[in-house]
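The values are calculated or read from the model by the stated rules, or taken from the named source; none is laboratory data. The structure displayed is predicted, hence computed values, not measured ones. Here the Cβ positions follow ideal geometry from the backbone for every residue, glycine too, while neighbour counts run over all protein chains shown.
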Amino acid sequence: MTRSHTPKSLAVLLRARMHPDSIPSPPPAPSPPASPEPDPSARPAAASSVRHWLHASIGAASPPPAALECFSDGYRSLDRGGRHEILRSLATDYDVPRARVRDLMRQYVSVSATGEGGGEQPGAEREEGGAASALYRMERGLRDALRPKYAGFLEAMNAQPGGLKLLAVIRADLLALLGEENAPVLRALDGYLKEKLVTWLSPAALALHQITWDDPASLLEKIVAYEAVHPIRNLIDLKRRLGVGRRCFGYFHPAIPGEPLIFIEVALLKDMATSIQEVLLDVPPIAECEAKCALFYSISSTQAYQVLIWESFYSSVSLTC
């Protein structure tokens, strides 16, 4: 391995399920109707429309799938400025309802103090069960109130087709915005979204597939584009890395078919290589039956998921190196 990831990360990677079946392909997307080039001056109206669907999704007890789909399509069509505008609105307008939290806290403290003070009065034992029930109800109410309003929206979006991929894109946009505006409200949104995505992208949810030269061209193009350690020079180089004496394994999520979240390249060697050039040089590979070691020489992930994947792996295991 030439990247700086520790054996801890690799240990968690190897826990993923290995599937011998073919890699699931994304469903073919319908051809969109021809449309004129968007007018740059129309961006504020587009952002306003996306904000409308955001409000329609968060304002409902159960976000309508149609509203979530309209928000998803609209958000993807926005430019950088429009997306940042939506993220500011999401973080600011749908934060924790602190006025309600303060009211519930006052009620909770009042009931708690009454219960403590009434312990020496006659009949206190008969009222103990009722006071405890009231406290538990208020604690449940406090827990619900401390959830930001956008919590249900994010969870509903994750359940939508293509929603998990959109949430990863939103996190990437949010990190870019935080580089410009390190506001507490934006950090709170980022922390909540990160916590959810780390859970949804945990190693237990990933499936391991071997990637071969016979896989769809769209998948092989992603391998070429996302290889960040040792760039793939051409199709001959790609075919060699997927051919005799070489292996490539991808980790896929069922909600994001046809796109590897992370992939590992392996070389089967007779002896341990002393340098990476021995692996990358254009030399005939040895017969696989003569191989005595397998060298993990490249681990890469897609840009949108890179931070999330490694955060998930590091938070999912506690091993001593």
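Please find, among Pro216, Pro161, the residue that is under 14 Å from His253 (Cβ atoms), modelled with pLDDT of 90 or more and surrounded by fewer than 16 Cβ atoms within 10 Å (Cβ to Cβ).
Values: Pro216 fails: under 14 Å from His253 (Cβ atoms).
From the options Pro216, Pro161, the qualifying one is Pro161.
Restricting to the stretch 248-259, and then to whatever is of a type in the set (A, V, I, L, M, F, W, C) and buried (at least 18 other Cβ atoms within 10 Å of the Cβ), can you tell me which residue is farthest from Ile232 (Cα to Cα)?
Out of the qualifying residues, it is Ile256.
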>> Can you find, within the stretch 50-70, the residue that is nearest to Met157 (Cα to Cα) among those that are part of a helix (DSSP H, G or I) and in contact (Cβ under 8 Å) with a residue 60 or more places away in the chain?
In response: Leu68
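Listed here are the residues, each with its yes/no results for (1) within 13 Å of the chain's Cα centre (by Cα); (2) modelled with pLDDT of 90 or more; (3) surrounded by fewer than 20 Cβ atoms within 10 Å (Cβ to Cβ).
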{"residue": "Pro184", "(1), (2), (3)": "no, yes, yes"}
{"residue": "Lys239", "(1), (2), (3)": "no, yes, yes"}
{"residue": "Leu261", "(1), (2), (3)": "yes, no, no"}
{"residue": "Glu265", "(1), (2), (3)": "no, yes, no"}
> In the stretch 178-190, what residues are within 14 Å of Leu90 (Cβ to Cβ), small (Gly, Ala, Ser) and assigned to a helix (DSSP H, G or I)?
Replying inline: Ala188
>> Could you list, ordered by first residue, the pairs with Cβ atoms under 8 Å in which the first is in the stretch 230-257 and under 22 Å from Met272 (Cβ atoms) and the second is among the aromatic types (Phe, Trp, Tyr) and crowded, with 17+ Cβ neighbours inside 10 Å, at least 6 apart or interchain?
In response: His230/Tyr297; Cys248/Phe263; Phe249/Phe263
> Do the conditions hold for Val279, that is, is it more than 13 Å from Leu295 (Cβ to Cβ), aliphatic (A, V, I, L, M) and not assigned by TED's automatic domain parsing to the domain that holds Leu197?
Replying inline: no
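Considering Glu180, Glu221, which residue is acidic (Asp, Glu) and outside the structural domain of Ser300 (by TED's automatic domain parsing)?
On the way: Glu221 fails: outside the structural domain of Ser300 (by TED's automatic domain parsing).
None of the others qualify; the one that does is Glu180.
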